[in-house]
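Novice: I have a structure here, written as structure tokens, and I will follow up with some questions on it.
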């Protein structure tokens, strides 16, 4: 196991430069206790590790967070359960961002449950050469406070690949917060399903029926358009050309408590098809977790 | 309607559930009654092709004593709240920790983890449900006990109670776990405590020595069922043999599997090969050595040509046979000669032992498991297709060569109809043979997820029509598999349920029993 610390000086400089711009793009929500937490990035040896880490560092810089500690597993989870269990037990009070392959993620979740973690979000991120040509993100967030989808959509939209993002919320917003709110971004049209567990669907470059087909949403009727909204809170100031870097950025920013748009829905999805969408040349897939230990 | 809970048990109002939660907290303490989304998220993730929302728990509660469990069942009866009991069985690809139905309360016994007794002379153990194989392994080391465990693939993180209750298997001569179970303590739905067989006599010291007791043998009805909560579990341990010689035999044609089983069966029944013989197809182990994307471009299942290329690139067999010999050096030498003579006769077999393979991961993890050691590299399988989807299909047949190819052809036909790969193995028990398929699929791809559901459904339908029943299945298909065993078995199961758990509070839906 190799442990490194992000350069404090780099963080200070980046944070300083960011603040010098006058208006911070990101604001911590009142509900986020994350600033007081030690944040640990655990990289499980996937080919996505390096790019994810670079996105995570960019998010830390933007949010002037200097305490990110990176732990790189030398052995995988399947042969290193003792190491993981040891790390989990030594990390009480920390917030973990974890990047693992599919097999490692399955075992890791078992270990995490047995030490009583509080899971904030999980994501499966896939770009395959043997399946659909778009990049897929399947997210589960425990509540709107820890959502990743909108921020991720804003970021990957800057790139040329087509994508689908689905995000399920385990906890519905409380009744007092159930006023209609929605994510919005230029180029997206948004719809809300009728019924007791509303779904919000945001499509860019494709019609609602096409978007629903890509997302595997079967309900064909009862979709109500949501008026376009501008979400300044999720506007993008930092860009990357690589989708894995963007995932690293969005997940880390979410883990650090970036203020996102709480949508009044049980789940939501984003579909983007560009006219000249580039087909992925290289398969890449990994699983992310954000959790409090 | 928004609730403060992420799910509610079927037919239970929020007000009633509030009252039940309050009473759970009084018994277990605030910290051991989990209702927040962040706490329950690790209990909700499954690998099945159905929405996780169908299997979301309303709460998870953690007991540490039998008395607490007695009180919990009392509360559940009072408020008609159903509980889904888990401990350290993992059920990956069988539903994981999530309950069979949305809203059930998970009763998590992993903290009930005392090793109550290990007898080094009589070679048995009595444990609580939360004890893991790793804990026992460490205990043997610490106490210098020359005893072996038999572990399933999740080894270190799994435990004997959960695994045996779902009739899981291992890879040593004690690998048929329920065969080596001896004595249980069970909390019944009415709070009574049953100790099975010799455990009924208060002064008996044979609870873990003699399985049958007197009268009907009851232990079996508490496995793969929902008739009680097992709180103590006895099982037999293998004395560590002086010598263990794991070996692999490679074959290069799919049709060779008939010959392999015909040779294997008499060696198994006569005891020359004392552990289950595993006959793994190359794709079952390919992820240890290769990436699927190096051999498949575009949708659909992998072609036979690509499999042959993969096998050749990575020096694998199309079939990879694993077994081990145990005993003194003399015994092992004699049996090795019998094995090599039998398999060597046709000239198709390539024998490999530990000396031949070095640190080859394919051989390596099998050898560890055949010694009862801890190794989870089998789950590399989940990286083959990726995307977090897995469904284990486990039909049982006679241990005859003639049962192999026709099953494999049928499975491949159904799988390829849905664009999925054949990642399978045959496990030769004694007279029976398990055909284990891990149907791995990409859960992020809605089309493939739909196909996986359909495919699994067809596998059950078509295999059962030919008489191949599944010995185990995931929570989304328990009803369907139960149906294949006929109306009389279902009716008996229902009547037992009604008699033992009239309010239906214990794991409704388990094995299709309500």
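What follows is calculated from the coordinates using simple rules that are stated; it is not laboratory data. This structure is a prediction, so every number in the text was calculated from the model and none was measured. Here the Cβ is made from the backbone with ideal geometry for all residues, glycine too, and neighbour counts use every protein chain on show.
Novice: For A:129-139, what's the mean count of beta carbons from other chains sitting within 10 Å of each residue's beta carbon?
Specialist: 5
Novice: When only Cα pairs under 8 Å and 6 or more residues apart are kept, what is the percent relative contact order across region B:243-465?
Specialist: It rounds to 30 percent for region B:243-465.
Novice: Quick one: check the C-alpha center-to-center distance for region B:1-26 versus region B:220-275, whole angstrom.
Specialist: Cα centres, region B:1-26 to region B:220-275: 44 Å.
Novice: For peptide B:27-40, how many partner chain Cβ atoms fall within 10 Å of a residue's Cβ, on average?
Specialist: Per-residue shielding by partner chains comes out at 3.
Novice: Right, another one. Could you tell me which of rounded, prolate or oblate describes region A:34-107, using a ≥ b ≥ c as the square roots of the eigenvalues of the alpha-carbon gyration tensor, with rounded for a/c under 1.5 and, failing that, prolate when a/b is larger than b/c and oblate otherwise?
Specialist: It comes out oblate by the Cα gyration axes.
Novice: Starting from the Cα of residue B:210, step 7 Å along the direction of its Cβ; do the same at residue B:270; then give the gap between the two resulting points in nm.
Specialist: 3.5
Novice: R0 = 45 Å: FRET efficiency of residue B:202 with residue A:82, Cβ-based, nearest 0.05?
Specialist: Efficiency, from the Cβ-Cβ distance: 0.65.
Novice: Could you work out how much longer the chain between residue B:417 and residue B:485 gets when fully extended? Use 0.36 nm per residue separation minus the Cα distance between them, nm to one decimal.
Specialist: Contour length minus the Cα-Cα distance gives 21.9 nm.
Novice: Between residue A:210 and residue B:115, with labels modelled 7 Å along Cα→Cβ, what's the label distance in nm to one decimal, could you check?
Specialist: The modelled label-to-label distance comes out at 6.2 nm.
Novice: Report for the protein assembly as shown the percent antiparallel among DSSP-assigned beta bridges with both residues inside it, nearest 5.
Specialist: Rounded to the nearest five, the antiparallel share is 75 percent.
Novice: Which of A:261, B:106, A:247 has the fewest other C-beta atoms within 10 Å, and how do the rest follow up to the most?
Specialist: A:261, B:106, A:247
Novice: Looking only at chain B, where both bridge partners belong to it, what percent of the DSSP beta bridges are antiparallel (to the nearest 5)?
Specialist: 85
Novice: For region B:14-110, report the % of Cα-Cα distances exceeding 20 Å.
Specialist: Tail fraction, whole percent: 31.
Novice: Assuming R0 = 35 Å, can you tell me the calculated FRET efficiency for the pair residue B:458 and residue A:224, based on Cβ-Cβ distance, to the nearest 0.05?
Specialist: 0.40
Novice: Testing the spin-label approximation: label points 7 Å from Cα along Cα→Cβ at residue B:346 and residue B:18. State their distance in nm.
Specialist: Distance between the two pseudo-spin positions: 7.0 nm.
Novice: Let me ask something else. When the chain is fully extended, how far beyond the present Cα-Cα distance does residue B:54 get from residue B:293, taking 0.36 nm per residue of separation?
Specialist: Taking 0.36 nm per residue and subtracting the Cα distance, the gain is 82.8 nm.
Novice: Now a separate question. Quick check on the exposure proxy: order B:514, A:136, B:265 from fewest to most C-beta atoms within 10 angstrom.
Specialist: B:514, B:265, A:136
Novice: Using the Cα gyration tensor of the protein assembly as shown, with a ≥ b ≥ c the square roots of its eigenvalues, what is the shape: rounded (a/c below 1.5), prolate (a/b larger than b/c) or oblate (neither)?
Specialist: Judged from the Cα gyration tensor, the protein assembly as shown comes out prolate (a/c at least 1.5, a/b above b/c).
Novice: Using a Förster distance of 45 Å, how high is the FRET efficiency between residue B:336 and residue A:72, based on the Cβ-Cβ distance and rounded to 0.05?
Specialist: For residue B:336 and residue A:72, the calculated efficiency is 0.55.
Novice: Shape call for chain B from the C-alpha gyration tensor, a ≥ b ≥ c root eigenvalues: rounded (a/c under 1.5), prolate (a/b greater than b/c) or oblate?
Specialist: oblate
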